[in-house]
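*Asks:* Below is a structure I'd like to ask you about.
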Amino acid sequence: MEFLRFLLSLFIKVLLLNLSLSHFPLISGQRTNHEDFLRCLTHRINDHESRIIHTSKDPSFFSILNSSIQNPRFSVLETPKPVSIITPVQATNVQSTIRCARLHGIHIRTRSGGHDYEGFSYMAKIRPFVVLDLRNLRSITLDVDNRTGWVQSGATIGELYYKIGKLSKSLAFPAGLYPTVGVGGQFGGGGYGTLMRKYGLSADNVIDAHIVDANGSFLDRQGMGEDFFWAIRGGGGSSFCVVLSWKIRLLDVPSVVTVFNVVKTSEKDAVSIINKWQYIADKVPNDLFIRAMLQKETKVYASFPGLYLGPVSDLLALMKEKFPELGLEIGDCREMSWIESVLWFVKEQSMETLAKRKRTSRSFKGKDDFVEEPIPKPAIRYLWKRFEAPEARLAKIILTPFGGKMNEIAEYETPFPHREGNLYEIQYLAYWSEEEDKNKTNTEKYLRWVESVYEFMTPYVSKSPRRAYVNFRDIDLGMYLGMNMKTKYEEAKIWGVKYFKNNFDRLVRVKTNVDPMDFFCDEQSIPIMNSVNDI
């Protein structure tokens, strides 16, 4: 009965939604009209000065499109292209775009920094589609006294770090390592980096948000309600709305932190130390973050970069007690401020480089796993030997430790469920030059390398389901096909439980409630319920 009452209330809500949008009705099953969409949008946006609307006829169209494609294999000619790019400068521009798109049956993709692993933020098989590019919504306002800030979704992580570093040497925010990653995508999927064991994810430290929903309404946390707010902090915000900005909690760091890196070029030493790392990296004090990596330059090597929130003397004493096998020495370490550690991890010297936007020239394919028990030494040895293949010349395998704060947050508190019980997350990445994308045969070997490593790891990683991180999106896990007898919910559950575990069904309920027409959708988006039997 409770579920039937939910469906009845949902039906009433959809009816009221359509009545309230009688001047913007959703047209489905008809041929879309891009020109009508443009007329609708132009009527509502004064575009004479700011150049918000960009069509394929504009000289700047392809430079805008390509400037934020951070996986160049999706910039080849055969990749589906949008009919327009909208670059809003204020919230009302986004509202108008959503309303006009609904009216004229135009599909929308929202792009923040363009780092989507599968390119879903700027490409789609649904035609026609428009990219809503948030590059101009990038303001950052920080309140140091109250340790909070508002960050627009079009800002990059680097721009946020730069702003924090300019204002304070004792405040920080837990987000990713790579400065060109967009805030919108990272926060929406979770977001982690070197402070995750101390403070958790980016999404764990979001305390409010401003959004535009499928109705074209502007809402804050109070207006959207707690279920909606829960969903956008780790459930992939693009499935539910356009997140315009995020209110974040700034966090304390000591004025002096220590970075370090130890490299092992011997297979025997590397395998032995990675094996030991598995037993201690998630259990050391929260102030210590140690990553393990395998990669290849002229030859294969393992590296162990890390961050300690304190002076080098304390770090050395701690490592001697907890991880003497690594052989950390004072010469491997450097004391600095937290913002300088951000630069150190990306091998940059100047803070100004954090705020610079640039497009990568390397294509890539990535897959990931969560590890709950240490993998055996022979498996580590196999991973080392896989780097002997020619297609692994730019490859990386990255092991990121969990534990600490990640264990203290229940898996249902945000949609990101990968909490207690995970030793680490392991990512398999192959890179190649953009030039090689011109010949599909060249790129296939890199995809096969990643797939072969992933298949090998099957016995050693999480099971039932084999889990994955939504920000490392992987189309191989499945996508909507619409060519069989399954409902959209049944299709999505195949990969949805891998990304979200038991949180998937709650995300579906939120989606059905806030976007019942499934306006915000992509190849792996959260589905709406089709019937009582779906959940």
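The values are calculated or read from the model by the stated rules, or taken from the named source; none is laboratory data. Model, not experiment: these values are computed from the prediction. Cβ sites come from the backbone with ideal geometry, for glycine too, and all protein chains shown count toward neighbours. Please note that ligands, DNA and RNA were not included when accessible areas were found on the heavy atoms of the full protein model with its side chains. Shrake-Rupley method; radii C 1.70, N 1.55, O 1.52, S 1.80 Å.
*Asks:* Looking only at residues that are touching a residue at least 24 places away in the same chain (Cβ under 8 Å) and open to solvent by 40 Å² or more (accessible area, probe 1.4 Å) in the range 453-465, which one is nearest to VAL371 (Cα to Cα)?
*Replies:* Taking the candidates together, the pick is TYR460.
*Asks:* Moving on to the next point. Determine whether ALA392 is among the aliphatic types (A, V, I, L, M), under 25 Å from the mean Cα position of the chain (by Cα) and outside the structural domain of GLY306 (by the TED database).
*Replies:* Spelling it out, it is not the case that ALA392 is among the aliphatic types (A, V, I, L, M), under 25 Å from the mean Cα position of the chain (by Cα) and outside the structural domain of GLY306 (by the TED database).
*Asks:* Take THR353 and decide whether it is open to solvent by 10 Å² or more (accessible area, probe 1.4 Å) and under 28 Å from ALA155 (Cα atoms).
*Replies:* Judged against the criteria, THR353 is a match.
*Asks:* Being of a type in the set (Gly, Ala, Ser), part of a helix (DSSP H, G or I) and open to solvent by less than 10 Å² (accessible area, probe 1.4 Å) is the filter here, so list the residues in the range 221-236 that pass it.
*Replies:* ALA231, the sole residue that qualifies.
*Asks:* Return the residue satisfying two criteria in turn: it lies in the range 481-531 and is among the hydroxyl-bearing types (Ser, Thr, Tyr) and under 20 Å from the mean Cα position of the chain (by Cα), and of such residues it is surrounded by the fewest Cβ atoms within 10 Å (Cβ to Cβ).
*Replies:* Step by step, filter the range 481-531, then rank; the result is SER525.
*Asks:* Please state which one of LEU160, LEU142, LEU77, LEU103 is open to solvent by 20 Å² or more (accessible area, probe 1.4 Å) and in a helix (DSSP H, G or I).
*Replies:* Being open to solvent by 20 Å² or more (accessible area, probe 1.4 Å) and in a helix (DSSP H, G or I) holds for just one of LEU160, LEU142, LEU77, LEU103, which is LEU103.
*Asks:* Going by the structure shown, is LEU65 surrounded by 14 or more Cβ atoms within 10 Å (Cβ to Cβ) and at pLDDT below 95?
*Replies:* no
*Asks:* Of the residues SER350, SER272, SER266, SER313, which is of a type outside the set (A, V, I, L, M, F, W, C) and in contact (Cβ under 8 Å) with a residue 60 or more places away in the chain?
*Replies:* Details: SER350 fails: in contact (Cβ under 8 Å) with a residue 60 or more places away in the chain; SER266 fails: in contact (Cβ under 8 Å) with a residue 60 or more places away in the chain; SER313 fails: in contact (Cβ under 8 Å) with a residue 60 or more places away in the chain.
That would be SER272, the only listed residue that is of a type outside the set (A, V, I, L, M, F, W, C) and in contact (Cβ under 8 Å) with a residue 60 or more places away in the chain.
*Asks:* Of ASN261, ASN286, ASN275, which residue is under 30 Å from ARG386 (Cβ atoms), open to solvent by 10 Å² or more (accessible area, probe 1.4 Å) and not in a strand (DSSP E or B)? Steps first, answer last, please.
*Replies:* Numbers: ASN261 fails: not in a strand (DSSP E or B); ASN286 fails: under 30 Å from ARG386 (Cβ atoms).
Being under 30 Å from ARG386 (Cβ atoms), open to solvent by 10 Å² or more (accessible area, probe 1.4 Å) and not in a strand (DSSP E or B) holds for just one of ASN261, ASN286, ASN275, which is ASN275.
*Asks:* Looking only at the range 402-414, count every residue that is under 15 Å from ILE280 (Cβ atoms) and over 18 Å from the mean Cα position of the chain (by Cα) and tell me the total.
*Replies:* 3
*Asks:* Another question, if that's okay. Among PRO128, PRO174, which is open to solvent by less than 30 Å² (accessible area, probe 1.4 Å) and either modelled with pLDDT under 95 or in contact with a Pro (Cβ under 6 Å, 6 or more places away or on another chain) (or both)?
*Replies:* Answer to the selection: PRO128.
*Asks:* What are the residues in the range 400-426 that are open to solvent by 10 Å² or more (accessible area, probe 1.4 Å), not acidic (Asp, Glu) and not in a loop (DSSP other than H, G, I, E, B), if any?
*Replies:* Within the range 400-426, LYS405, ASN407 meet the criteria.
*Asks:* If you take the residues of the range 178-192 that are open to solvent by less than 10 Å² (accessible area, probe 1.4 Å) and over 8 Å from the mean Cα position of the chain (by Cα), which of them is farthest from PHE416 (Cα to Cα)?
*Replies:* Among those residues, the one meeting the criterion is GLY182.
*Asks:* Evaluate the range 119-134: report whether one residue or more is in the same structural domain as GLU78 (by the TED database), closer than 18 Å to ALA91 by Cβ, basic (Lys, Arg) and touching an Asp or Glu at 6+ places or on another chain (Cβ under 8 Å).
*Replies:* no
*Asks:* Tell me, please, whether a residue that is under 26 Å from LEU288 (Cβ atoms) and among the β-branched types (Val, Ile, Thr) can be found in the range 409-423.
*Replies:* Yes, the range 409-423 has at least one match.
*Asks:* OK, next. Looking only at the range 201-220, count every residue that is over 19 Å from the mean Cα position of the chain (by Cα) and either modelled with pLDDT under 95 or surrounded by fewer than 19 Cβ atoms within 10 Å (Cβ to Cβ) (or both) and tell me the total.
*Replies:* Number satisfying all stated conditions: 3.
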